[in-house]
Amino acid sequence: MKSLKITKSLFLIISLLLHTIAYIQFHYGGEFYDLPQRWTTDFDILFFLSCTFTLIIYIFNQKKNVVLLFFILRTITFFIIGIPFGNLLDLEYMLLFALLVDVIFFTPYPVNLILSLIILTVSVILQMPMNIYYIPRSAPSLINMLSYGFFGIIVSIIMILLRKTMDENTKDNLIMDGMDGMVTRLIEVNKEYLEYAARIKNESTKNERKRIIQELHDIVGKSFTNIFAMMDASLKYPPSNMDEQKEIFTWAREQAQTGLDETRVVLYRMREMKEPDLKTKTIVNLIETFQQATRVKVEVSWGNLPSYRNTEIELIIYNVIQESLVNAFRHGKASQINIIFWMNEENLLLSIEDNGKGGDSNKKGIGQSGMEKRVSEVGGTIVFRQTKRGYEVQMSIPREEIKKDE
């Protein structure tokens, strides 16, 4: 909508500029036009009405009936102003071009083309000998009339092509705005889903651990209870009855072995219950969602990035990548984005580079300021810069910050 408003304003400025040129021509060439003084006053009134009608058409361009009414008045005003100049067409050129600008912009194609041809035809027909304020005015020469019509057609074609180009750009911008909103929403939904899935998984993990602990308690309790019962039973037999005692001790040993085996199985299951690390889940899902929504190719190099589970750092990295992807698509119009991780002795390094047109690295938007604030809170730094290939975001976070919650 913003680009459409800019386009409307541009055409309005062109129309009013042509009006102004015509006004200056008239008042600085009054003697040359050889018109009575009365016509100067009439010209000023009609000129004011013409500018007013143009402004009304611009302001109420969404109301078709209003636009139609004032287009008719605007066209009539043009013909009334132009007729007295007879064979002096230089001033009428400016007024004609101003009217064509209004017609071509404020009416859709091909209606604007048809109206332009009608206005040109009627304007040429009216260039005939007549008396104006009892002063005979001769018609323009054939060459002047042909030139008048030719330049009118050329201006009409140029303005129509310009209008079509602007319409296409406006349409593209509206589509891009819609896609921006869709991509942003998809990423937000994906983030919400991942957070929800993480909560569910954490709850599931806690519940599973509780169940395993209960199972372990039951296994150990049952095994030791059976062993104690067998030992108590063995005490009832006299020392001479070694066969019975041997059988009981054998059963006790079997119970102990069974309990040990079952305990090992449970402990192994607990050891296998690990939280997924950042690089295998969250970022991968984010990138896949982004690629599906935008068709922008994203390549990730994990480098020597280790597995870690620092929730705060994960969220910061996620937000930096999310904001950078959206900016590369929305503002940079990028088709390729490369994400590189690397861990040196002191810092975790992240580079996000695209092949888009980038922007002014000295001007930070709300998103970039937010990234800078979040990274600085953990002692890190982030840099935005233009490169030969496009635009790059470089982030660095101290290694000790990552290890805090591990």
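The values are calculated or read from the model by the stated rules, or taken from the named source; none is laboratory data. Predicted, not measured: the structure shown is a model, and the values here were computed from it. Neighbour counts run over all protein chains shown; Cβ positions are idealised from the backbone, glycine included.
Numbers at a glance
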read-out	value
Gly178, sole failed condition from (1) in contact with a Pro (Cβ under 6 Å, 6 or more places away or on another chain); (2) at pLDDT below 70	(1)
Test: residue in the stretch 323-343 that is modelled with pLDDT under 90, over 22 Å from Ile287 (Cα atoms) and not in a strand (DSSP E or B)	no
Answer residue from the stretch 43-79, given it is in contact (Cβ under 8 Å) with a residue 40 or more places away in the chain and of a type in the set (S, T, N, Q) and is farthest from Ala98 (Cα to Cα) among those	Asn61
Conditions (1) at pLDDT 90 or above; (2) more than 21 Å from Thr387 (Cβ to Cβ); number of the one not met by Pro306	(1)
Test: residue in the stretch 86-99 that is modelled with pLDDT of 80 or more, farther than 16 Å from Leu17 by Cβ and part of a helix (DSSP H, G or I)	no
Residue selected from the stretch 347-406 under the condition modelled with pLDDT under 80 and in a helix (DSSP H, G or I), by the criterion surrounded by the fewest Cβ atoms within 10 Å (Cβ to Cβ)	Ile366
Residue within the stretch 41-54 that is at pLDDT 85 or above, touching an Asp or Glu at 6+ places or on another chain (Cβ under 7 Å) and in a helix (DSSP H, G or I) present	yes
Qualifying residue in the stretch 58-67 (condition: farther than 25 Å from Thr170 by Cα and modelled with pLDDT of 80 or more)	no
Residues satisfying the stated conditions in the stretch 114-143, i.e. surrounded by fewer than 16 Cβ atoms within 10 Å (Cβ to Cβ) and modelled with pLDDT of 80 or more	Ile114, Leu117, Ile118, Thr121, Val122, Ile143
